[in-house]
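Working notes, beginning with the structure itself.
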Amino acid sequence: MNESDFLFDKEHIWHPYTSLISPLPCIGVIEAHGVELTLHDGRKLIDGMSSWWSTIHGYNHPRLNQAAKDQINNMSHVMFGGITHPSAIALCRRLVEMTAPSLDRVFISDSGSVAVEVALKMAIQYWVAKDKPEKSKMLTIEHGYHGDTFAAMSVCDPINGMHELFNEVLNQQLFATAPQIGFYDEWNENDILPIKAVFEAHHQHAAAIILEPIVQGAGGMRMYHPNYLKAVRELCNEFDVLLICDEIATGFGRTGKLFAYEHAQIEPDILCVGKALTGGYMSLAATMTSKTIGETICKTKAGVFMHGPTFMGNPLACAVANESLAILQEGHWKDQVGSIEQQLKNQFSKFEILDQVAEVRVLGAIGVIELKTSVDMESIQAAFVLQGIWVRPFGKLVYIMPQYIITDDELTTLCDGIYQVISNLE
Ligand SMILES: *Cc1c(COP(=O)(O)O)cnc(C)c1O
């Protein structure tokens, strides 16, 4: 990559949530192995982001590479309408094995946002089939993030999300104040009053509640008490509202449980997974539900569930996802995530006394440092790169969710680099 490549990128290519008028500089990455990104000029960075929660087993994993190569030599793609194939079947078998007993019907799709759209459509179609079409609204909590497509946007945080800009076209959903009691705090029943009030007032019009179990990701990196989720499950039963758990960020071991809903010992009615599903190799997601709900959905006049993307069940993505889940099923993730959690708790504790820091939060392989003021993205990004680490904050939040394979020494380098940068902020 040379100057003119970077110039072309700057002038012609959109990156996530960026301006075409004044884009911030990008670093060029030409290779990645294990937890390391190799830059175009030969520098290496320890990755703290797992490419947004996804590359849990590390980059360039021999088994995932092999699964992709084997599948390419058979077929990269075949349509899923009227056709099935071994990779989709193997993957769905594992998904059914790994998730809650009731979740045994799988809809494979191409990205997290689509998995959320599919979940919302399932919930709405379910109530149409039950002859209650008026149950079409979604309940949710503030500070959520569920994706960038229109229905997903409508359930994202109404203040920090995209509501203002798209207000005229977004479905109006039903929001409650987010839980305030943290994961480790002493539980207090009052935390459920806001959501309970929304259930009481609006359940006749509510198809489902959608939330990220235990850890809210891109909407604020908040970690709430498992009893909150337990109470929401009970409210769903009481008021006949479906529970959609969006585990696109939290799923596959990230919070210390295979799925974050396990912290509350509950089962969702509908589950969305994505991000780490393929070990970060390519885009794939799934929406799962129970036999009863799945079959009810198919009892509308349409007789089918009305969704079916072109690349549904893409064999290449399914083959890699199947191998990624095979690695998880061998069980090492539990010790890996446990030791990352322990080390993060130790090393992040020294952040608490820094003037710049408002709060530190750790759960599983997720570490969050909430600052008192928002960061300047351009300068903090450059400072992290100088430390030899890749960390991408947003707003007041500096956070990492490292790959499960990170060593103690690499994680120490990552934490020390963050400490250097934060303690030198104005
Ligand atoms: C990232 C994310 C999504 C959207 O997934 P995409 O693959 O980016 O479309 C939805 N929900 C949650 C909780 C996420 O973290």
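Since every read-out is calculated from the coordinates, none of them should be taken as a lab result. From a predicted model like this one, the values you see are computed outputs, not experimental measurements. All Cβ positions, even for glycine, are placed from backbone atoms using ideal geometry, and neighbour counts span all protein chains on display.
For the range 175-272, GluC sites (Glu not before Pro) are listed when DSSP marks them as loop and at most 11 other Cβ atoms sit within 10 Å of their Cβ; the list is Glu186. About its Cα centre, the range 1-148 has a charge dipole of approximately 720 debye under the convention of +1 per Lys or Arg Cβ and -1 per Asp or Glu Cβ, with nothing else charged. For the chain, the relative contact order is 22 percent, taking Cα pairs closer than 8 Å that sit 6 or more residues apart in sequence and dividing their mean separation by the residue count. Dipole check for the range 65-329: with +1 at the C-beta of Lys and Arg, -1 at the C-beta of Asp and Glu, and the Cα centre as origin, the magnitude is about 760 Debye. Over all Cα atoms in the range 203-300, the spread is summed up by Rg and Dmax: 13.9, 42 Å. Note on the range 171-212: Cα Rg divided by 2.2 N^0.38 Å, N the number of residues, gives 1.30.
Projecting the Cα positions of Leu344, Pro101, Val29 onto the charge dipole of the chain (unit charges on Cβ atoms of Lys, Arg, Asp and Glu, taken about the Cα centre) puts Pro101 furthest along the positive direction.
When the pairs Lys137/Lys291; Lys196/Lys350; Lys132/Lys196; Lys10/Lys257; Lys137/Lys299 are compared against a 30 Å limit on Cα-Cα distance, Lys196/Lys350; Lys10/Lys257 fall above it. For the range 11-60, the Kirkwood estimate of hydrodynamic radius, built from reciprocal distances between every pair of different alpha carbons, is 12.4 Å.
Overall dimensions of the range 18-141, expressed as equivalent-ellipsoid semi-axes from the Cα gyration tensor (√(5λ), whole Å, largest first), are 36, 24, 15. When the chain is treated as a Gaussian network with alpha carbon springs shorter than 10 Å, the biggest mean-square fluctuation among Ser113, Ser349, Ser324 belongs to Ser349. Of all DSSP bridge pairs formed entirely within the range 65-329, close to 50 percent run antiparallel. Remark: C-alpha extents of the range 321-417 on the principal axes read 42, 25, 22 Å, sorted largest to smallest. When only alpha carbons are used to place a centre, the range 108-167 and the range 243-309 end up 14 Å from one another. Classify the range 58-111: rounded, prolate or oblate, from the alpha-carbon gyration tensor (a ≥ b ≥ c, eigenvalue square roots; a/c under 1.5 rounded; otherwise prolate if a/b is larger than b/c)? Oblate shape, in that a/c is at least 1.5 and b/c is the bigger or equal ratio. Counting only DSSP H runs of at least 4 residues, each contributing -39500 (n - 2.57), and dividing by the residue count of the chain, the helix-based mean residue ellipticity at 222 nm comes to -11000 deg cm²/dmol.
In plain terms, if you count all Cα to Cα distances in the range 260-340 and split them into 5 Å steps from zero, the share in each step is 3, 12, 14, 19, 20, 15, 9, 4, 2, 1, 0 percent. Charging the Cβ of each Asp and Glu at -1 and of each Lys and Arg at +1, and nothing else, the dipole of the range 205-314 about its Cα centre rounds to 220 debye.
Compute the longest continuous run of the chain that contains no exposed chymotrypsin sites (Phe, Trp or Tyr not before Pro); treat a site as exposed when its DSSP state is not H, G, I, E or B and it has at most 12 other Cβ atoms within 10 Å. Here the longest segment lacking exposed loop sites spans 185-426. The alpha carbons of the chain occupy a box of 61, 56, 45 Å along the principal axes, longest dimension given first. Each 5 Å bin from zero up to the one holding the largest Cα-Cα distance in the range 368-423 carries the following percent of pairs: 4, 19, 32, 26, 12, 5, 0.
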